[in-house]
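Below: one structure, written as structure tokens.
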Amino acid sequence: MIARGAQAVARGLGPPERERFRRDGVLFPVSVLAGQEVAALSALLAEVERGVAALGGEPRRIALPHLYWRWAYDLATHPAVLDAVESLLGPDLLIQATMILTKPAHDPALVTWHQDGTYSGLHKTPNATAWIALTASTPENGCMRVVPGSQRNPILPHVESQAEHHLLRHSPEVAVAVDEAEAVDVVLRAGEMSLHHSNIIHGSNPNLSDGRRSGFIVRFVTPALAAGGHAVVRARGGAGCGHLRLLAQPPPDDLAAGLSRWAADAALRPS
């Protein structure tokens, strides 16, 4: 488990922030982690990355870490994160998925323009995705970019991206032109997060800097989520979720055991 930093900001969002999310489909920056928390999480992530690499995995993208490591579960359910998301989605919060995405220094990896809803189905339920910065996230190191207001579009046609250095394998890409002049860089300091709607058009550029960029992603939904897939986490609330499979308990605080479970599940996922 991670120790909660005394300076972490745990509060709800005010009316102006909620309106900005409704209008733009994105909100940033939101302060959630104290410096000591960021340092502890970075050390834990480094251990996991070494373990994943040793097992032949890709440490730049680690799927569903909250199911394998207690520190990741604790981060996904951090009170400061939940307070902000509850302001947008209400008191009944579920975690549908998490992911860690990292771009090492001078990594050519990019993410082409896309809408998460095209493959996640999150657009069918109230949703908000948290992007928690474990390092600074800047235009130089390949921060997320969004097209504000584009979440008001329906799901647009997508094709499988043919980008040579795509960070996400077999990723969909919008099959319509995107005006780069409308894009906004989601700049974050370590310990801050952004929140975005699953329908917003977003992507990211390569890391041209001498430092790494790491983000911890949490996809929040409500009990309106349709059944299917892996177990979800009840983060807050007590509304009926009989149609869903809920995670019975957090993973144990055991790095090696988590790596073993991750490796077993990874072998079953499509490459």
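The values are calculated or read from the model by the stated rules, or taken from the named source; none is laboratory data. Model, not experiment: these values are computed from the prediction. Glycine also receives a Cβ, built like all others from the backbone with ideal geometry; neighbour counts cover every protein chain displayed. For accessibility, only protein heavy atoms count, side chains too; no ligands or nucleic acids. Shrake-Rupley method; radii C 1.70, N 1.55, O 1.52, S 1.80 Å.
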Item to check | Single condition PRO172 does not satisfy, out of (1) at pLDDT below 95; (2) open to solvent by 60 Å² or more (accessible area, probe 1.4 Å); (3) touching a strand residue (DSSP E or B) at 6+ places or on another chain (Cβ under 8 Å) | outcome: (2)
Checklist outcome for this item: Of those in region 82-121 that are under 20 Å from ILE200 (Cα atoms) and hydroxyl-bearing (Ser, Thr, Tyr), the residue surrounded by the most Cβ atoms within 10 Å (Cβ to Cβ) is THR98
Next on the checklist: Among the numbered criteria (1) open to solvent by 40 Å² or more (accessible area, probe 1.4 Å); (2) out of contact with any helix residue (DSSP H, G or I) (no Cβ under 8 Å at 6 or more places or on another chain); (3) not polar (S, T, N, Q), which one does TRP131 miss?
Outcome noted: (1)
Checklist outcome for this item: In region 50-61, residues that are open to solvent by less than 30 Å² (accessible area, probe 1.4 Å) and in a helix (DSSP H, G or I) total 2
Checklist entry - If ARG22 passes every condition in (1) under 25 Å from HIS166 (Cα atoms); (2) open to solvent by 10 Å² or more (accessible area, probe 1.4 Å) but one, which one does it miss? => result (1)
Next on the checklist: Being aliphatic (A, V, I, L, M) and either buried (at least 22 other Cβ atoms within 10 Å of the Cβ) or at pLDDT below 95 (or both) narrows it down to one residue among VAL187, VAL218; which is it?
Outcome noted: VAL218
Checklist entry - Looking at ARG152, ARG145, which one is in contact with a Gly (Cβ under 7 Å, 6 or more places away or on another chain), open to solvent by 10 Å² or more (accessible area, probe 1.4 Å) and either over 18 Å from ASN205 (Cβ atoms) or not β-branched (Val, Ile, Thr) (or both)? => result ARG145
Checklist entry - For region 62-148, which helices (runs of 4 or more DSSP H) that fit wholly inside it have 3 or more residues that are at pLDDT below 95? => result 117-120
Checklist entry - Right, ARG4: open to solvent by 40 Å² or more (accessible area, probe 1.4 Å), in contact with an Asp or Glu (Cβ under 9 Å, 6 or more places away or on another chain), more than 22 Å from GLY229 (Cβ to Cβ) and modelled with pLDDT under 95 or not? => result yes
Checklist outcome for this item: Note on region 20-49: residues over 17 Å from SER214 (Cα atoms) and in a strand (DSSP E or B) are VAL26, LEU27
Next on the checklist: Among the residues that make up region 73-81, is at least one of them farther than 19 Å from VAL187 by Cα, open to solvent by 10 Å² or more (accessible area, probe 1.4 Å) and β-branched (Val, Ile, Thr)?
Outcome noted: yes
Checklist entry - Residues in region 155-167: is at least one open to solvent by 40 Å² or more (accessible area, probe 1.4 Å), assigned to a loop (DSSP other than H, G, I, E, B) and either within 24 Å of LEU41 (Cβ to Cβ) or of a type in the set (Val, Ile, Thr) (or both)? => result yes
Checklist entry - Within region 38-47, can one find any residue that is at pLDDT 95 or above, in contact with a Phe, Trp or Tyr (Cβ under 6 Å, 6 or more places away or on another chain) and either buried (at least 16 other Cβ atoms within 10 Å of the Cβ) or among the small types (Gly, Ala, Ser) (or both)? => result yes
Checklist entry - With (1) crowded, with 23+ Cβ neighbours inside 10 Å; (2) free of Cβ contacts under 8 Å to residues at least 24 places away in the same chain; (3) of a type in the set (S, T, N, Q) as the list, and SER204 as the residue in question, which single condition is left unmet? => result (2)
